[in-house]
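The values are calculated or read from the model by the stated rules, or taken from the named source; none is laboratory data. Bear in mind that the values here come from a model prediction, so they are computed numbers and not experimental data. Cβ: placed from backbone, ideal geometry, glycine included. Neighbour counts: every protein chain shown.
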Amino acid sequence: MKKNRLSNNHPSGYIAFTAVLVISAITMSLVISSVLISVTTAKNLLSAKKGQETLVASNGCLENALLRIKLDSNYSGESLNIGNSSCTISVAGSATQKTINIVTILSGVPSYTRSIQAVVEIEGTGLSLTNYQEVQ
């Protein structure tokens with residue numbers, strides 16, 4: 001009679017099964033990390049794109065405000081729609097200096113808001129932009 005060399009006291013394949021579980025866990029964590037990095041990168045790119053679109057719209061509204069001030073020194077502001085953006089322009093100041101505040105909202109999901117402020121000196125028929133900054 002042959003003796004059975006495998007002992008029933010030690011389950012066969014235990015080490016191989018444990019190795020498969022460990023390798024699977026490491027692989028899953030790498031896949032999940034890669035997916036999270038991809039999602040974060042996509043969100044950052046979308047935010048940068050929306051920020052750039054909003055800045056372009058804000059500058060367009062500023063150019064409109066400068067033209068209006070040049071044509072009418074009593075111009076006090078308005079609301080404008082430029083593409084998917086809406087700007088609220090408010091102008092305050094004296095006859096020789098105006099402060100222009102612009103709040104631009106880019107619609108969509110998620111929406112994006114940007115505010116800029118500019119100071120303009122009025123000299124005869126000319127305008128001089130003396131300060132331009134983004135306001136938080």
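Where residues in the range 95-116 are surrounded by 15 or more Cβ atoms within 10 Å (Cβ to Cβ) and among the polar types (S, T, N, Q), which of them is farthest from T54 (Cα to Cα)?
Residue satisfying both the conditions and the ranking: N101.
Checking V109 against (1) in a strand (DSSP E or B); (2) β-branched (V, I, T); (3) free of Cβ contacts under 8 Å to residues at least 24 places away in the same chain: exactly one of these is not met. Which one?
(1)
List pairs: first in the range 42-63 and surrounded by 17 or more Cβ atoms within 10 Å (Cβ to Cβ), second part of a helix (DSSP H, G or I), Cβ under 7 Å, 6+ apart or cross-chain?
As it stands, the answer is none, since no pair meets every condition given.
Looking at the range 66-79, can you tell me whether even one residue there is at positive phi and modelled with pLDDT under 90?
no
Just to be sure, is Y112 within 27 Å of the chain's Cα centre (by Cα) and of a type in the set (S, T, Y)?
yes
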